[in-house]
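Undergrad: Quick one: structure below, then a few questions.
The values are calculated or read from the model by the stated rules, or taken from the named source; none is laboratory data. Because the structure is a prediction, the values reported are computed rather than measured. Note that we place each Cβ from the backbone using ideal geometry, even for glycine, and neighbour counts take in every protein chain shown.
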Amino acid sequence: MKHAPSMLAGAAEAVITRVKDRPVVYDDLFARALVLGADDDRLVIVATDMGTLSVEFADDLLRRIERTTDIPSGNIIITTTQTHNAPGVDGREMTPAAGEWLSDCIAGLVRRANGELRPCVLNAGRAPVQIGYNRRLMQDGEIVMAPNPDGAIVPWVDVLEAKEADGRRIAVLFSHAAHPVIVHWLSEEIGPDFPGYAVRHLRDLLAREGEPEGVFMFAQACCGDINGHPLRGGFGACDAAGLSLAFAVKQALAGARPVGPGALKARALDLPLPLEEPPTAAECRAALAADPDSTRLRELLAVAESGERQFHPLSMRALAVGDALCFLTFTAEMFAEYQLYADAVSPFGQTFVFSHTNGITGYVATAEDYELGPAGGYESWGYPTRNRPWLPPQPQAERLIHEGITRLLDELSR
């Protein structure tokens, strides 16, 4: 008879502010790692206060962590908070030297967390909270970026806590869906936006109860169509949002239930999403005659002449602890509707859903949004037509993703 493996956990954190691309800092950026163990298996979750990480950077980092720790790269997920006051957004990038340093730092961080594994009890919970709003509003026949009180949101925070047998806390992982844009543009200073404030407030709240210890880490959920509120509200508003989120995390911890020991499992699925057809070759040539320096038009002409179908690469990964706990992740910036769908169909006791994981490949909207075409607004039309590969996914992308989510979670649960 197979025994249920006892659980292990280790966590570590490090300041990564030196990746900054601007001189002034309002609060430090962090990278944090949580390693879960059962028998000889390991699962790794890394959370970084970065805007985004490219797929190429993430792939290299996954290989580096595997070489450093002997943990298979398929068992590792690397998330970003998507703070808009750090490199990785709005065309801002790390220098090559900063990127190399960050890779070494995170690989060492995971090695340290893995080296500090000790027996633990896992507790998982969820509490209601909303610190953002749906940002896609239909106005005069087209989508604009403005608060939509009737739009989809994810009205909760998911929480996982790891504690030693004596009650000493190892780590708290929490996840909520909202773009960290409350400071964005009101200040060019470097900082983590509301996730950083939430971590600080959570530590303070728990310290008042005599439990200040532990690594506290935030992972971004499916925030593609959700902005933190208020957009560009400033430091005071950001602090208030962080406090609201921290209170919700504390509430979730109070009601958290034990996650029984279980086997650690991982599965992955690459899902190419078909893109819309490009303009015809004749249309591209006519447009190029008026704008001969357009890289977009030249590349679309090459696509039109090739006749080859184009795809948006979407990678999904799922990690599980027995049948009680699952982490479903996407490389893309997913709309909230996909998290709501995954939560509804998941066979696991509790399912965390992370966007911006192991790199980012752009927004993924819903069929209804893609069917709007040029009236679909920034995420479903503006962004994909202004960035490679210059075309949005077809509406059938939603059906393919739903089928992929269901298949991946079903396979993982067997």
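Undergrad: What are the residue pairs meeting all of these: first residue in the range 214-227, first residue farther than 15 Å from Gly51 by Cα, second residue part of a loop (DSSP other than H, G, I, E, B), Cβ atoms under 6 Å, and 6 or more apart or on different chains?
TA: Between residues of the range 214-227 that are farther than 15 Å from Gly51 by Cα and residues that are part of a loop (DSSP other than H, G, I, E, B), the close pairs are Asp225/Phe335; Ile226/Ile153; Ile226/Ala177; Ile226/Ala178.
Undergrad: Taking the range 122-151 as the region of interest, how many residues are buried (at least 20 other Cβ atoms within 10 Å of the Cβ) and outside any strand (DSSP E or B)?
TA: Of the residues in the range 122-151, 2 are buried (at least 20 other Cβ atoms within 10 Å of the Cβ) and outside any strand (DSSP E or B).
Undergrad: Only one residue in Leu29, Leu36 is assigned by TED's automatic domain parsing to the domain that holds Phe216 and closer than 17 Å to Val121 by Cα, so which one is that?
TA: Testing whether each residue is assigned by TED's automatic domain parsing to the domain that holds Phe216 and closer than 17 Å to Val121 by Cα leaves just Leu36.
Undergrad: Collect the residues in the range 45-76 that are part of a strand (DSSP E or B) and out of contact with any Ser or Thr (no Cβ under 8 Å at 6 or more places or on another chain), keeping them in residue-number order.
TA: Scanning the range 45-76 gives a single hit, Ile76.
Undergrad: Which ones in the range 242-262 are out of contact with any Gly (no Cβ under 6 Å at 6 or more places or on another chain) and small (Gly, Ala, Ser)?
TA: The answer is Gly242, Ser244, Ala246, Ala248, Ala254, Gly260.
Undergrad: Let me ask something additional. Report, by residue number, each residue of the range 221-252 that is within 24 Å of Gln339 (Cα to Cα) and either outside the structural domain of Arg203 (by TED's automatic domain parsing) or in contact with a Pro (Cβ under 6 Å, 6 or more places away or on another chain) (or both).
TA: Result: Gly228, single match.
Undergrad: Return the residue satisfying two criteria in turn: it lies in the range 203-233 and is in a strand (DSSP E or B) and not small (Gly, Ala, Ser), and of such residues it is nearest to the chain's Cα centre (by Cα).
TA: Checking each candidate, the answer is Gln220.
Undergrad: Output the number of the condition that Val259 fails; it satisfies all remaining conditions of (1) in the same structural domain as Thr361 (by TED's automatic domain parsing); (2) of a type in the set (Val, Ile, Thr); (3) free of Cβ contacts under 8 Å to residues at least 12 places away in the same chain.
TA: Of (1) in the same structural domain as Thr361 (by TED's automatic domain parsing); (2) of a type in the set (Val, Ile, Thr); (3) free of Cβ contacts under 8 Å to residues at least 12 places away in the same chain, only one is false for Val259: (3).
Undergrad: Also, I was wondering about something else. Suppose the filter is part of a loop (DSSP other than H, G, I, E, B) and not assigned by TED's automatic domain parsing to the domain that holds Ala256; does Pro389 pass it?
TA: yes
Undergrad: Condition test on Pro261, is it over 30 Å from His176 (Cβ atoms) and part of a loop (DSSP other than H, G, I, E, B)?
TA: Spelling it out, it is not the case that Pro261 is over 30 Å from His176 (Cβ atoms) and part of a loop (DSSP other than H, G, I, E, B).
Undergrad: Return the residues of the range 152-189 that are modelled with pLDDT of 95 or more, among the small types (Gly, Ala, Ser) and outside any loop (DSSP other than H, G, I, E, B); say none if nothing qualifies.
TA: Ala162, Ala171, Ser175
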